[in-house]
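Working notes, structure below.
FYI, it's all coordinate maths here, none of it is from the lab. The structure displayed is predicted, hence computed values, not measured ones. Virtual Cβ from ideal backbone geometry, glycine too; neighbours counted across all protein chains shown.
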Amino acid sequence: MPSVSRTHPASTIDYLTMSVRVRFAPSPTGALHIGGIRTALYNYLFARQQGGTFILRIEDTDQGRYVPGAEKYIIEALQWAGLTPDEGVEFGGEFGPYRQSDRKAIYGDYARQLVANGKAYYAFDTPEELEQRRAAEPNFTCNAATRTTLTNALTLPAAETQRRLDAGVPGVIRLLVQPQEEIHVQDLIRGEVVFQSSELDDKVLLKADGMPTYHLANIVDDHLMQITHVIRGEEWLPSTAHHVLLYRAFGWTDTMPQFAHLPLILKPEGNGKLSKRDGAKFGIPVFPLGWVAEKEEDSFPGFRETGFLPQAMTNFLALLGWHPGGDQEIFTMDELIAAFSIEHISKGGARFDYDKAKWFNQKYIQAADNADLARYIRPLAEAKGYKVTDALLTQVAGLMKERVTFLPDFVEQGYYLFEPVRNYDAETVQKKWKPELGPVFAALAELVAGFNPFEGAALEEAVKQLIQEKGLKPGDILPLLRIAMAGTMKGPAVFDTAALLGREETANRLKLALAHFEAA
RNA sequence: GGCCCGUUCGUCUAUCGGUUAGGACGCAGGUUUUUCAUUCCUGUAAGACGGGUUCGACUCCCGUACGGGCUACCA
């Protein structure tokens, strides 16, 4: 009879004395999806709160899926989001290397140790042979019921197995899953989840190319790096049974990390989890940073390029699947850290709500310091060819921040704060302009030209007085004044705009607008 | 198909056996601003279904339906 090893409760004492160590372990297979950022965020929040360590490990064991630039992207994205790792690739640490391809030698030894202990075995079936079996037998999987019909160390004479190994015949190492066992996983979010080992397959641990599979590398690294909590996506829940089996096989159950499986982020509309293609499909960013590919159609903008403040994105993501209770919506990073708790993570999938994301951004822009906003606006303004000063940008920020959603809105909606008016709103001109207003405009221009100091409130008072003297109402002139300054009926208070533009430019715009009105 | 997870307003969620089921986004109306936006106010709308357990169930249990994930020498 196979020996039945049971999960014995991990000695909780260890967790009380051991400092928290969590890791974010993405594969460099392309741009990091917003769901990945959320996973990183939760790990980060937990680490910070517990006074623990947040580690970045790169899981690049699949050479076929490796995408150049992806690792750099991941690091940049984490830093932009304010989730800088304490340890990991590019960040150093005592437990490196942190890139699995650089740890290749380690895994083979551990896999062979399992073979030596009878917990794993060599298997020589080729991918093609297995594919044929799967095609022929609907529910075929490699396990206790089928492994005796396959080509492996359990069915081959010992001498033949050795001959193949010596000859370098390609083969893999598979976990020997004992049937008839119950595997209990204690998930911090979902409670106890039970699996029947007879339903599990003999997972490949070491591939024919000598690289480990996710399962092996993950367990070995989490153990070696002394990871205390594994916070990852729900898609890993089914394979957690295998992971528990691996901890048992290695004899590491005492220090096995605690698991927390996060709910998935769902598409904005329709069914299924959010995917890479949804960005293009719905015309919204689903990545933190843009991705620049050789082909135009493979490139896309991210939250950053769309004009999100990183804090707005993280606040939005934090609440997508987690809530501390209470009515608070806006949280600083420090508040998130203080309030975070794994227990309050929801179980059900959360739909990606772009409207909510936009609202957060708007709120964060409104609340931001003008000088801080100026730093974000500068590159956008310079890209348009505007020559700007910090003083100007700070003023623009102050004038516009209550009416924008994205950072680029400052220079797009508020373009007339940087360059001449491009066109005048015809409808307003038609409705408000009368030839007899010409002299009034001339008087206005004169007033402006001699107005000193050129300050908004005082100018407003003077202009309104002038309007009154001419026997007109503010409503007769102010809309036209606005059109002269901005060309549109949308925007900041006219006199604030004029003050920002300065006396000379204001007078100039009055003159240009008058010419336009009279020609119309 | 098999295994696993899930299910409160359209969306994100609160509630941890006793509430007129609360908040936020969105939407609608109003207010403020002689523009737009902001602000503020009001409205809108929910416990998938069926059985239990209980004095009492959104909350616990079972079933069904629906949704999702996994089922690779991918992670």
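Simple point charges give the picture: +1 on the Cβ of Lys and Arg, -1 on the Cβ of Asp and Glu, and for chain A a dipole about the Cα centre of about 460 debye.
Going from the residue with the fewest nearby Cβ atoms within 10 Å to the one with the most, A:Val411, A:Val292, A:Val115, A:Val404 rank A:Val292, A:Val115, A:Val404, A:Val411.
Kindly identify segment A:193-259 as rounded, prolate or oblate by the Cα gyration tensor criterion: order the square roots of the eigenvalues as a ≥ b ≥ c, call it rounded if a/c is under 1.5, otherwise compare a/b with b/c, prolate if a/b is larger, else oblate. The shape class here is rounded. Here the convex hull built on the C-alpha positions of segment A:442-487 has a volume of 74 cubic angstrom per residue. Expressed as a whole percent, the proportion of Cα-Cα pairs in segment A:166-297 lying more than 23 Å apart is 50%. Against chain A, whose longest principal axis comes from its Cα atoms, helix A:456-469 is set at around 40 degrees.
Couplings 3J(HN,Hα) of segment A:125-135, computed from phi: 5, 7, x, 5, 4, 5, 4, 5, 5, 5, 5 Hz, in residue order, whole Hz [Karplus 6.51 cos²θ - 1.76 cosθ + 1.60, θ = phi - 60°; x for Gly and Pro]. Put in order of Cβ neighbour count within 10 Å, fewest first, the listed residues A:Leu205, A:Leu478, A:Leu317 become A:Leu478, A:Leu317, A:Leu205. Using only the C-alpha atoms, the convex hull of segment A:463-515 corresponds to 79 Å³ per residue. Under a Cβ-Cβ cut-off of 12 Å, what is the net charge of the residues other than A:Ala499 that fall near it, where Lys and Arg count +1 and Asp and Glu count -1? Value of the local net charge: -3. Its Kirkwood hydrodynamic radius, worked out from the mean inverse distance over all distinct Cα pairs, puts segment A:22-95 at 12.4 Å.
Counting every pair of alpha carbons in segment A:370-466, the share spaced more than 24 Å apart comes to 42 percent. Computed packing ranks the peptides A:333-346, A:215-228 as A:215-228, A:333-346, most packed first, by mean other Cβ atoms within 10 Å. Each residue of segment A:145-161 was assigned a 3J(HN,Hα) from its phi angle through the Karplus expression (A = 6.51, B = -1.76, C = 1.60, θ = phi - 60°), giving 6, 10, 5, 6, 9, 10, 9, 7, 5, 8, 9, 8, x, 3, 5, 5, 4 Hz with x at Gly and Pro. Name the shape class, rounded, prolate or oblate, that the alpha-carbon gyration tensor gives for segment A:62-208, where a ≥ b ≥ c are the square roots of its eigenvalues, rounded holds for a/c under 1.5, and otherwise prolate holds if a/b is larger than b/c and oblate otherwise. Prolate, because a/c is 1.5 or more and a/b exceeds b/c.
Calculated [222 nm] ellipticity per residue, helices only, for chain A: -13000 deg cm²/dmol; basis is -39500 (n - 2.57) per DSSP H run with n ≥ 4, divided by all residues, nearest 500. Helix A:474-486 axis versus longest C-alpha principal axis of chain A: approximately 50°, rounded to the nearest ten.
Equivalent-ellipsoid semi-axes for chain A (Cα gyration tensor, √(5λ), whole Å, largest first): 65, 23, 19. Can you give me the Kirkwood hydrodynamic radius for segment A:53-108, using every pair of distinct Cα atoms, in Å to one decimal? Hydrodynamic radius (Kirkwood, Cα only) of segment A:53-108 equals 12.0 Å. Charging the Cβ of each Asp and Glu at -1 and of each Lys and Arg at +1, and nothing else, the dipole of segment A:442-520 about its Cα centre rounds to 220 debye. Distance between Cα centroids, segment A:66-134 to segment A:188-225: provide it in whole Å. A separation of 12 Å, based on Cα centres. Compactness of segment A:328-395 is given as radius of gyration and Dmax, 17.3, 51 Å, from Cα positions. Using only the Cα atoms of segment A:404-449, build the gyration tensor, take square roots of its eigenvalues as a ≥ b ≥ c, and label the shape rounded, prolate or oblate: rounded if a/c is under 1.5, else prolate if a/b is larger than b/c, else oblate. Cα axes put segment A:404-449 in the oblate bin.
Restricting attention to chain A, close to 55% of DSSP beta bridges with both partner residues there are antiparallel.
For segment A:248-320, the alpha-carbon radius of gyration amounts to 1.56 times the rule-of-thumb value 2.2 N^0.38 Å expected for a compact globular protein. A simple count of charges around A:Lys511, restricted to other residues whose Cβ falls under 12 Å of its Cβ and scoring Lys, Arg +1 and Asp, Glu -1, yields -3.
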